[in-house]
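The block underneath contains the structure these notes are about, expressed in structure tokens.
Throughout, read-outs are computed from the coordinates displayed, never taken from laboratory work. Quick caveat: nothing in here was measured; it's all calculated off a predicted structure. Note that each Cβ is placed from the backbone with ideal geometry, even for glycine, and that neighbours are counted across all protein chains shown.
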Amino acid sequence: MDLSSLFAGVDNLFKFLFIGGLVMLMTSMFYPLQKEQELEIEINNYNKEVKLLNRELSELKEEIAKLNHSAIQTESNLEALSKLHSTNKAKDLIISAKIKGIKDEFKSNYDTLYKKKQTTEVKEIILEFNKSKIVLLHKYANSYDSYASKLTYWGIAFMFIGLLGWVISTINVERLKIKELKKP
């Protein structure tokens, strides 16, 4: 059996170990970094959505206060118009039309505010989902860090073994070539 062919095959194995270790090391450096960046982007988006929702909630509270004030005025206007009933049918029709207009306007304002409230509630539910998503992403990022450290150690070990074996096998192959050349 020719030993030079054996060392040539082992040489490829050591090259594979070295390159595999290098890939493991690079992966352990950049993959967790990428995941951390994705997590930071998700947190940033979540914070933006929270600020927007808080702003909407404050605007909704202001509109509710305005609607409450409007309700008090509408009630006093309706009471005043109710007392104006007279024997004149035309005047009663005008008063009834005004009362109906005031009620319709108030109902329209109330419906608009109610729809905004529902939209805000849906956004709150979405934010709760996003918050739990961020917690999960953070948990996964921590596990990526654990895997990355293991991958780093294995990558360094494979690189060291591969490089050392590659150098030794290359030296042995060169020695065998020199022996072959010295043979008569």
**Asked** How many nm is it between the label spots at ASP145 and LEU53, if each spot is 7 Å from the Cα in line with the beta carbon?
**Response** 2.7 nm
**Förster radius 45 Å - calculated FRET efficiency between ASN45 and LYS98 (Cβ-Cβ, nearest 0.05)** = 0.35
**Message:** Using each residue's phi in the range 153-166, evaluate 6.51 cos²θ - 1.76 cosθ + 1.60 at θ = phi - 60° and report the 3J(HN,Hα) Karplus result to the nearest Hz, with x for Gly and Pro.
**Reply:** 5, 5, x, 5, 5, 4, 4, 5, 4, x, 5, 4, x, 4
**Karplus-derived 3J(HN,Hα), 6.51/-1.76/1.60, for each residue of the range 109-120, Hz, glycine and proline x** = 4, 5, 4, 4, 5, 5, 5, 5, 4, 5, 4, 5
**Theoretical FRET efficiency, 1/(1+(r/R0)^6), r = Cβ-Cβ of THR112 and ALA90, R0 41 Å, to 0.05** = 0.80
**Asked** Given [x] 12.0; [y] 18.0; [z] 19.7, which label gives mean projected area of the Cα convex hull in nm² as computed from the coordinates?
**Response** [y]
**Item:** Cross-link partners of LYS183 among lysines (Cα-Cα below 30 Å; sequence separation of 8 or more within a chain)
**Value:** LYS15
**Where labels lie 7 Å past Cα in the beta-carbon direction, separation of SER70 and GLU128 in nm** = 2.9 nm
